[in-house]
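Okay, so here's the structure we're looking at.
Coordinate-derived values only; no laboratory data. Values in this document were obtained by computation on a predicted structure and should not be read as measured data. When we count neighbours, we look across all protein chains shown, and the Cβ atoms used for this are built from the backbone with ideal geometry, even at glycine.
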Amino acid sequence: MLFSRSHCSKSHGRRITGRAIAGGRLFLSHIQTFALFCSTNGTNFVPPKPDSENEWEKLIKPFGLEELRKSFNRVTPQRLCKLLELPLDISTSLQVFDWAGLQKGYSHTFDVYYVLLRKLAEAGEFKMVEHLLRKSKEEGIVMKEHSFIVIMRCYGKAGIPGAALRVLDEMHERNGCQPTFRSYNVVLDILVGADCHKIATNLFYRMLHRGVPPTTFTFSIVMKSLCSVNDVTSARSLLDKMGRYGCVPDSIIYQTLIHAFYKEKGIQHALELLEDMLLMGCSPDVNTFNDVIHGLCRIGHIDDAAKLVERMVLRGCHPIALTYGVWLQGLCKEGEVDEAREVLSKISNPNVVLFNTVINGYVSTGRLLEAKILYEIMRPKGCNPDVFTYNILISGLCKEGKLGSAINLFKEMEDKACIPNVITYTILIDRFCKDGQLVEAKNILEEMFSKGLTLNTVGYNCLISALCRDHKIDEAMELLEKMKGESCKPDIFTFNSLIHGLCKVNQMEEAFHVYKNLVLEGLLANKVTYNILIRALLQKGKIQESLKLADDMVLHGCSLDVVDFDRLIKALCKNEGVESGLELFEKMKQKGICPSTISCNLLIDGLCKKKRVQGALELLREMLQLGFKPDIVTYNNLINGMCRKGSMHAALNLLERLHIEQILPDIVTYNVLISWHCKANLLDDANKLLHRAVNVGITPNFRTWDVLLHCVLSGSINAAPLP
């Protein structure tokens, strides 16, 4: 017997009971089919006589197994296969299988086992499948490959890819069936479908090692697996290996690789594969062309994309809206909006997305008039503008400061039965806020609420930022609470605006309170947060607190950049001396940050003011080795330092060096030299410097005349007439 459970026969002499067929009961229409299984002695099944039951009750009246059994004299394997293929439930099918096996001189064949195995597997009765496989082996039935393929596919549908792989591994050893490429292809497909990509790749190489020849489908599924885990290089290498196994790549393989390279931004490889694909006689579909066209547009190769569209049409592959959309977007991105407009005019029945793409191109380049003209011809072309069309135009008008025109278009939008969305209102609110028109912004907000719309985070940020700029911190705080009450989560920009506003009104304690409570809001301070606070501390002269906050900034994963260091070095040189600035300068280099010209100039200026010109020159040499390029401010600081030390001759030599370095001196350079020469009572030299400045096209400013006038009033100059 197949099973010892209650629904199976338990002994050779036990007859199958007349249990009603559960679940998949045999209907009266099946009864006539059963008569075909009767033996040749002419025994026929006689249906029960009609009674008082109605027709529906007759149709669904169960037919007992005992009566069914009596209607047969002998069942052959062929007839049993046909019986098992009927919609009998699992329990009944097993009983019929066992009952037939009790006949004298009868043996189940492979076909019988196959039909029952398939039914059990499709029903998900995998334990029974395993038991039936063991029974077939005991009876000497050699199961063929397609039986195991059915089982493996059912394991795959049931979401048990590991079991399908186990069946494949046990086919030969336990069941004496050598798997071919068909079995491997089925399991590979199951594994890839279940995202078991590494296992699939390993199985593929195990297949090759065992000498099982792969097919084109085998390569296709493995390449798909490799591309799914972004290993496009390995997938591409398999393409070159196909020939040694007698496999020729098909369109699916090329399309898979091209799409993968497109996603990985390897458009050159994708283009090469497309050319190979065409040479091999494979026809790319529209999506493959779109991938390559989009990739070319993404890297700015618009002309190549246009040529590919032409080739696409010549091959009978008609571009779709997405093809044109990608092409138009690429043209607009490169600033070739007029070319995009020309392409749009050649498209039959362009949709609103294509119009929006070109309109956005005009708006992005500041050509609002052309954008409005294109908008006005949309309806005559049978294409109604949508909310995105209006949002693009309203945003462009707002950016140009044409708020009145934006409001008129907003009203026109409503007149044309196009309902504004949250983005529409947010654009207007943002412009009103930036213009300081908070009352108008609040009116737009109220109108938005009256229409059942809720402001998003961006909209609230615009209002809160505007209130903080206007020093209305209390109102900003109230709006923050309202924002939270409407389940609109504030982001770091929201709190940065509040912190900046608090710092501007000298409420540093409250600003730090907001900063410290960011974690409670589920947010982390970013670079902007720290910069706002550090700048505020520096303005208050709290150098050490700002340095400590800078350390906290680094500890929390926000690296200091050149601007941050410049700001700190300037404060240190101004308040604590150049030595502190030099220490921070060394830390800056240790962190791998290349100092800026501003940092170097600040330190050189600080050293020169302390008459440490030699130290300033050494610092300049060090920075030159690091690739630092001195500017006129650098040389002005050095000239000032040399003059301060009394080295007028060295300062004049440095002035001459400026011409060698191809750096033009400015009025500050000459003012420094004239001032120090006047102080040293070298009046003739000062006068010569003034003439030299005028001769090279430098116009003296108020500082120049102030220095000279001071000398005249003090009676210390008998100046020659000025030119």
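Would you please classify the overall shape of the range 600-717 from the alpha carbon gyration tensor, given that a ≥ b ≥ c denote the square roots of the eigenvalues, rounded means a/c under 1.5, and beyond that prolate means a/b larger than b/c while oblate covers the rest?
Values: a/c = 2.33, a/b = 1.63, b/c = 1.43.
Cα axes put the range 600-717 in the prolate bin.
Classified by the C-alpha gyration tensor, the range 193-278 has an oblate form. Its axis ratio a/c, with a ≥ b ≥ c, is 1.5 or above, and a/b does not exceed b/c.
Could you sort out which of Lys504/Lys542; Lys346/Lys381; Lys411/Lys489; Lys472/Lys527 sit more than 19 Å apart by Cα distance in this structure? Can you show the working numbers first?
Numbers: Lys504/Lys542 16 Å; Lys346/Lys381 12 Å; Lys411/Lys489 30 Å; Lys472/Lys527 25 Å.
The pairs that break the limit, which is 19 Å between Cα atoms, are Lys411/Lys489; Lys472/Lys527.
Taking 0.36 nm per residue of sequence separation and removing the Cα-Cα distance, the Lys263/Ser487 pair yields an extension gain of 77.0 nm. Projecting label points 7 angstrom from Cα along Cα→Cβ for Ser251 and Glu622 puts them 6.8 nm apart.
Which one of Met128, Asn531, Gly627 has its Cα pushed farthest toward the positive end of the charge dipole of the chain, where Lys and Arg give +1 and Asp and Glu give -1 at the Cβ? Most positive-ward Cα: Met128. Relative contact order of the range 578-677, taken over Cα pairs closer than 8 Å and 6 or more residues apart, is 24 percent.
Inter-label distance, Leu279 to Arg166: 4.8 nm, where each label sits 7 Å from its Cα along the C-beta direction. For Lys265, the lysines whose Cα comes closer than 27 Å to its Cα, not counting residues fewer than 8 places off in the same chain, are Lys198, Lys224, Lys241, Lys307, Lys333. Between helix 438-450 and the chain there is an angle of about 10 degrees, using the helix long axis and the longest principal axis of the Cα atoms.
Helix-only arithmetic for the chain: the sum of -39500 (n - 2.57) across DSSP H runs with n ≥ 4, divided by the residue total, places the mean residue ellipticity at 222 nm at -20500 deg cm²/dmol. Simple spin-label estimate for Lys198 and Glu478 gives 5.9 nm between the two label positions (7 Å along the Cα-to-Cβ direction from each Cα).
How big is the charge dipole of the chain about its Cα centre, in debye rounded to the nearest 20, if each Lys and Arg gets +1 on its Cβ and each Asp and Glu gets -1 on its Cβ? Don't skip to the answer; put the middle values down first.
Values: 86 positive and 80 negative charges, 456 e Å.
Here the size comes out at about 2200 debye.
Take the Cβ atoms of Thr180 and Arg298, set R0 to 41 Å, and the FRET efficiency comes out at 0.40. Directionally averaged projected area (the chain, Cα convex hull): 55.9 nm². Relative to the dominant Cα principal axis of the chain, helix 216-228 is inclined by about 40°. Taking 16 Å as the cut-off, the amide N atoms of the range 383-419 that come nearer than this to a point 7 Å along the Cα-to-beta-carbon line of Asn443 belong to 403-412.
Once the Cα-Cα distance is subtracted from the 0.36 nm per residue extended length, the Glu579 to Arg657 segment shows a gain of 25.2 nm.
Extension gain for the segment Lys137 to Lys402, taken as residue separation times 0.36 nm less the Cα-Cα distance, is 86.8 nm to one decimal. Bridging of Lys104 to aspartates and glutamates at a Cα separation below 18 Å is possible for Glu139, once same-chain residues fewer than 8 apart are set aside. Take every pair of alpha-carbon atoms less than 8 Å apart whose residues are at least six positions apart; their mean separation over the length of the chain yields a relative contact order of 4 percent.
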